[in-house]
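The values are calculated or read from the model by the stated rules, or taken from the named source; none is laboratory data. Here the structure is a predicted model, which is why all the values come from computation and not from measurement. Here Cβ is always computed from backbone atoms with ideal geometry, including for glycine, and neighbour counts include all displayed protein chains. Calculation scope for accessible area: heavy atoms of the full protein, side chains included, ligands and nucleic acids excluded. Shrake-Rupley method; radii C 1.70, N 1.55, O 1.52, S 1.80 Å.
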Amino acid sequence: MASVLILVAAGAAVAALLALRLWVVLHSRVLGPRQSCSLLVVAGSGGHTTEILRLLENLSNAYSPRHYIIADTDEMSAHKIHSFEQNRADTTTMLSEYYIHRIPRSREVQQSWLSTVLTTLYSMWLSFPLTHKVKPDLVLCNGPGTCVPICISALLLGILGIKKVIIVYVESICRVEHLSLSGKILFHLSDYFIVQWPALKEKYPKSVYLGRIV
Amino acid sequence: MKCVFVTVGTTSFDDLIARVSAHDTLQIFKSLGYNRLVLQIGRGKLVPEPFSTESFALDVYRYKDSLKEDLQKADLVISHAGAGSCLETLEKRKPLVVVVNEKLMNNHQLELAKQLHKDGHLFYCTCSTLPGLLQSMDLSTLKCFPPGQPEKFSAFLDKVVGLQ
């Protein structure tokens, strides 16, 4: 009886500690100038990849190395990324350092919600070791289901005191009046949440609105 | 040679492909002065049979590395509501009709089509209302689409990561 109570108390203490750590991580800002920034980019299927590559086009070479994460069934994105990086290498004098990593998809288009919970948990299991290995300075994503386990893994790195990772979420231009499911989840967990239409800025005043950026 | 280009991006949109290659729709295209129809069918299961007659030609393919060339040659683009397809087409200043896929969950693509239509940049419809729209629309009323500004994003990011 007593041991059960102790276990419950210990569980509650751990939960409280984690919640506190989460709060601290979400409210801390990285200080100080830097020369380079390693980047973890989550590329989803089709348009998500196209949009995120457009965002990367204008970034300076200081954002290096670039780690791309794609779903293991997504060959189209791998191809687009290689083309993008090849183009970049052709137009700059610096060597491109980039890597493509594959993880299982969190959910397929039109997949049922229940099985989505299971596949997302499985993705988490694989995302954390990958995120931990890369330890990026910055995670950049724009909404595919794949990004939720990655962002949670990045947060975990902060919670466990391993590294504070800046999480920047850019909601897709497709989202004019309502956030995507990933957006609704990550709105509370990202450091900067960027929207591209004024209606969303009005609904979510804490978001960042820079106009249309793709 | 007036050309219609139909694109579904990386998705599967059999309803659209069926609608545009149906006999009555082909008649509408002909009556509007088009003599070529190119279908980019992506992951779709429906593969219409290509043909070429004196007055009309139909081409079909799944993917290309870049749709730039087909967009460039098109006089009218009919597209699914994917952001990539829409933006690429609008940036090339081509008249665009977006067909919304009613079978997608939450149909988030509809929001973008509606907004761009509200701003006067494209027409939108569903598969069933496409023939009606083709016959009634006035392409000259479409407005030019200004480019996005990714440099604002890079300036913002440089600031927040401390790269300045």
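Summary of values
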| item | result |
| --- | --- |
| Fraction of antiparallel bridges per DSSP, segment B:3-161 only, in percent to nearest 5 | 10 |
| Descending Cα extents along the principal axes, segment B:3-161, whole Å | 59, 33, 31 |
| Residue of A:T50, A:T92, A:T120 that the Gaussian network model of chain A assigns the largest fluctuation, springs spanning Cα pairs under 10 Å | A:T92 |
| Cysteines in chain A that, by Cβ-Cβ distance, have no pairing candidate under 4.7 Å | A:C37, A:C151, A:C174 |
| For segment A:17-27, Karplus couplings with θ = phi - 60° (6.51, -1.76, 1.60), whole Hz, Gly/Pro x | 4, 4, 4, 5, 4, 4, 4, 4, 4, 5, 9 |
| Occluded residues from segment A:19-48, i.e. those whose accessible area drops by 40 Å² or more once the chain is not alone (1.4 Å probe) | A:R34 |
| Eligible aspartates and glutamates near B:K159 by straight Cα distance, threshold 19 Å, same-chain separation 8 or greater | A:E57, A:D137, A:D191, B:E151 |
| In chain A, lysine pairs with alpha-carbon atoms under 29 angstrom apart (chain gap of 8 or more, or interchain) | 19 |
| Residue-wise HN-Hα coupling along segment B:60-68, computed from phi with Karplus coefficients 6.51, -1.76, 1.60 (Hz; x: Gly, Pro) | 9, 8, 8, 9, 9, 4, 9, 8, 3 |
| Residues of type lysines that B:K73 reaches as a straight line, Cα spacing below 22 Å, ignoring anything fewer than 8 places off in the same chain | B:K2, B:K30, B:K64, B:K92, B:K94, B:K143 |
| Longest DSSP-loop-exposure-free segment, GluC sites (Glu not before Pro), chain B, at most 15 other Cβ within 10 Å | B:103-164 |
| In segment B:63-164, trypsin sites (Lys or Arg not before Pro) in a DSSP loop with at most 12 other beta-carbon atoms within 10 Å | B:K64, B:R93, B:K103, B:K143 |
| Exercise: per-residue mean of other protein chain Cβ atoms within 10 Å, B:143-150 | 4 |
| Span per principal axis, largest first, for the Cα atoms of chain A (Å) | 69, 38, 36 |
| Cross-link reach list, aspartates and glutamates versus B:K114, counting only Cα pairs under 16 Å and skipping chain neighbours closer than eight places | A:E177, B:E102 |
| Karplus 3J(HN,Hα) series, Hz, for segment B:11-23 with 6.51 cos²θ - 1.76 cosθ + 1.60 (x for Gly, Pro) | 9, 10, 9, 4, 4, 5, 4, 4, 5, 6, 9, 5, 4 |
| Amide H contacts of A:H101 (H built 1.01 Å from N, under 5 Å, at least 5 apart or other chain) | A:Y68, A:I69, A:I70 |
| Evaluated over segment A:80-206, the Cα radius of gyration and Dmax, each in Å | 16.1, 49 |
| Mean shadow area of the protein assembly as shown over all directions, Cα convex hull, nm² | 21.5 |
| FRET efficiency for A:V30 and A:R212, using Cβ-Cβ distance with R0 set to 45 Å, rounded to 0.05 | 0.95 |
| Neighbourhood net charge (13 Å Cβ-Cβ; Lys/Arg +1, Asp/Glu -1) for A:Y209 | +4 |
